[in-house]
Amino acid sequence: MNTVNKINEIRFEEADYCIFDFETTGISPKTEKVIEIGIVRIKNEKIVDSFSTFINPGRKIPFYITQITGITNNETENAPYFDEVFPKIKEFFGNSVLVAHNINFDFSFLKHECINHALEIPENNFICTLRLARKLFPGLSSKSLGSIVKFLRIRHRDVHRALGDSTATAKVFMKMFNLLRDKHEIDTLSDLLNFSNLSNSAKPFRIVKKILADSLVKVPESPGVYFFKNTKGEIIYIGKAKSLKSRVNNHFQSNAIKKSKEIIRKASDLNYQITKSELSALLAEAELIKIHKPKMNTLLKKYPHSYFIKLRMSNDFPNVEVSSIIDFDGNDYFGPYPNRDTANNIKEIIDKTFSLRECSDKDFMKNKKCFLSDIGRCLAPCVDPKINTTYIEELSKVREFLKGNNQSAVDRLLNKMKALSEDQKFEEAAQIRDIAQTVLNQLHKSSILSEPINSAHVLIVILNQFKNEYLILLNGMIFLKDYFLDANTIFDQVLEDYFSNTIQSNQMLKEKDLEKLRITLSWLVRNRNKVRCYYLNNYSSQDELFRSISF
């Protein structure tokens, strides 16, 4: 396999993308010139680098362009010419996939500038987010960048400036990843490139295999998993769907991705298994792929990140971290939270409200006080290990806060604000006031669960159009009611054992349990409006619990 093919077969989320945007003196690449470029690099669903510069067009900027962009002749007259800045642009691009909103416009300017200066035109693969938007958001009347950022609730700073627009496009592109994974089953970069460049026409092609055609007609609208089989009865592909009929039909469209057409070519039969929700379909898909190892499921599914507040209980004096990974490692994990920013904001509230250590283990082992101790923001266990009891009390207050009890935190912040005001430190007092307001706005309650995930005892109801899904999260293990891959009675048995105090709390958790937990948390945080939680320790019996829920 050559290098290009190896690159194209990596997960599309892990590929290197450069999202770029030009500001120009007009709309025709044959007669107009570039005046600014902005490039944003993303990898593993994160913005990792950026580059921008003015470019001297060698002519005056039309007044109406200055009105739109704010770019003036004074800003470009001493800027480098295109041929002078191109080596930096080319180096930044590297072998990445180039992305733009309306790639035809930006790439045309790139091509003509290269031709005019006798430069080599980049031959990178490219993706157009405008084309993707037409496929992913067909109901959106306008597919302009402004309309899409508004639809996706993305903050768009510096509109009509190259770096501002490329940053907004990068965020739009990353928001599309979930839809590409879940609705269109895009796995590899090759899948994404094919999907991006396919026509928008969606005519079904004729099915020549009668068994396959007969099976397709029977597929329902329900959520579930589906199986394509070859002439030997072997499963060659397993997929999941929120709507089986809609998803399976996608494989038979004339504009289906190359992989789908290959699956249909090799398939002779189609089966499916209905589930109660998209979540149980996701869990079943992951489990069944590992059991059957279908040849056309070339990559294991990758699920969107969830974010957690991690209490590092493995340390004598635990501290707080933001983590995108959950594990059965003896630490306590609160969450999941909807995004990294929310988790970081909550950690900041904890750091500025409570007095746990914030230092790394390496700095802690130096046994030296830091400035946080001097300003009363840390109990300094590094120099006073006898403070253990006080530290544990402080830790318990952090736990209460993460569980949603904010009164202690608010009282403490108000006292800090009052003391700072009395010392005429008004700027610092205002910062504490803002944090207190954030707490009162219930930011910390944006977590799905109010108990540590690894020790939570909770029954979760997922509200559905067809049938509600019921699952139990118990000490990090997931049990679904009437899940076709589990013993029929396991859900009821777990509830019975819990309320009869015969549950085994020291069970060895396996990698399978951890994957099930990660998939579940990732889905719950993206569908929180469908979720209701019932904490088992609030009920004295199954009957009392059942009276609160409609089974």
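Just so it is clear, none of the values below were taken in a lab; they were calculated from the coordinates. All figures in this text were calculated on a predicted structure; none of them were measured in a lab. As a convention, Cβ positions derive from the backbone with ideal geometry for all residues, glycine included, and neighbour counts pool all protein chains shown.
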Among the listed pairs Lys43/Lys368; Lys295/Lys467; Lys242/Lys516; Lys43/Lys310, those beyond 28 Å (Cα-Cα):
Lys43/Lys368; Lys295/Lys467
How do 65-75, 269-279 rank on mean C-beta neighbours within 10 Å, highest first?
269-279, 65-75
Listed by chain and number, the aspartates and glutamates with an alpha carbon less than 15 angstrom from that of Lys240, same-chain partners under 8 positions apart left out, are Asp182, Glu185, Asp187, Glu221, Glu278, Glu285, Glu287
Separation in nanometres of the label points that stand 7 Å from Cα toward Cβ, at Asp486 and Phe426:
5.9
Amide H contacts under 5 Å for Ser222, placed H, 5+ residues apart:
Leu244, Lys245
For the stretch 64-74, Karplus couplings with θ = phi - 60° (6.51, -1.76, 1.60), whole Hz, Gly/Pro x:
5, 5, 4, 4, 6, 9, x, 7, 10, 4, 4
Compactness relative to 2.2 N^0.38 Å, alpha carbon Rg of the chain
1.15
per DSSP, antiparallel bridges as share of beta bridges in the chain, % nearest 5, sits at 90
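If contacts are Cα pairs under 8 angstrom and at least 6 residues apart, what is the relative contact order of the chain in percent?
Working: 866 pairs, mean separation 51.6, N = 551.
RCO, the chain: 9 percent.
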Karplus 3J(HN,Hα) series, Hz, for the stretch 40-50 with 6.51 cos²θ - 1.76 cosθ + 1.60 (x for Gly, Pro):
10, 9, 10, 8, 6, 6, 9, 6, 10, 6, 8
For the pair Asn249 and Glu120, the simple spin-label estimate (label points 7 Å beyond Cα toward Cβ) gives in nm 4.8
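Under the definition of Cα pairs under 8 Å and six or more residues apart, what whole-number percent is the relative contact order of the stretch 3-197? Each step should come with its number before you reach the end.
Numbers: 313 pairs, mean separation 54.7, N = 195.
Averaging sequence separation for qualifying contacts and normalising by length gives 28 percent for the stretch 3-197.
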So who's got an amide H within less than 5 Å of the one on Asp332, skipping anything under 5 residues away but keeping other chains? H placed 1.01 Å off N, in plane.
Leu311, Met313
Theoretical FRET efficiency, 1/(1+(r/R0)^6), r = Cβ-Cβ of Arg399 and Lys218, R0 60 Å, to 0.05
0.70
³J(HN,Hα) across the stretch 233-246 via Karplus (A = 6.51, B = -1.76, C = 1.60, θ = phi - 60°), whole Hz, x for Gly/Pro?
x, 7, 6, 9, 7, 10, x, 10, 7, 6, 10, 4, 4, 5
Exposure proxy order (Cβ contacts within 10 Å, fewest to most) of Ile387, Ile61, Ile103:
Ile387, Ile103, Ile61
For Lys369, the aspartates and glutamates lying under 18 Å Cα to Cα, once residues fewer than eight places off in the same chain are dropped, come out as Asp316, Asp351, Glu358, Asp361, Asp384
Residue pairs, from the table Lys150/Lys171; Lys229/Lys512; Lys510/Lys530, whose Cα atoms sit over 21 Å apart
Lys229/Lys512; Lys510/Lys530
Using modelled amide H (1.01 Å from N, peptide plane; none on Pro or chain starts), what sits under 5 Å from the amide H of Ala456, excluding residues fewer than 5 places away?
Asn475, Gly476
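Peptides 262-268, 454-460, 78-84: what's the order by average Cβ count within 10 Å, highest mean first? Don't jump to the answer; show the numbers that get you there.
Details: 262-268: 16.4, 454-460: 19.6, 78-84: 14.9.
So the order, starting with the most tightly packed, is 454-460, 262-268, 78-84.
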Simple spin-label estimate for Asp363 and Phe499 in nanometres, 7 Å along Cα-Cβ
5.0
Given a cut-off of 21 Å, name the pairs among Lys60/Lys143; Lys30/Lys60; Lys135/Lys183; Lys347/Lys397 whose C-alpha atoms lie farther apart than that in the structure shown.
Lys60/Lys143
Quick check on the stretch 210-292: what does the Kirkwood estimate of hydrodynamic radius come out to from the alpha carbon pairs, in Å?
12.7
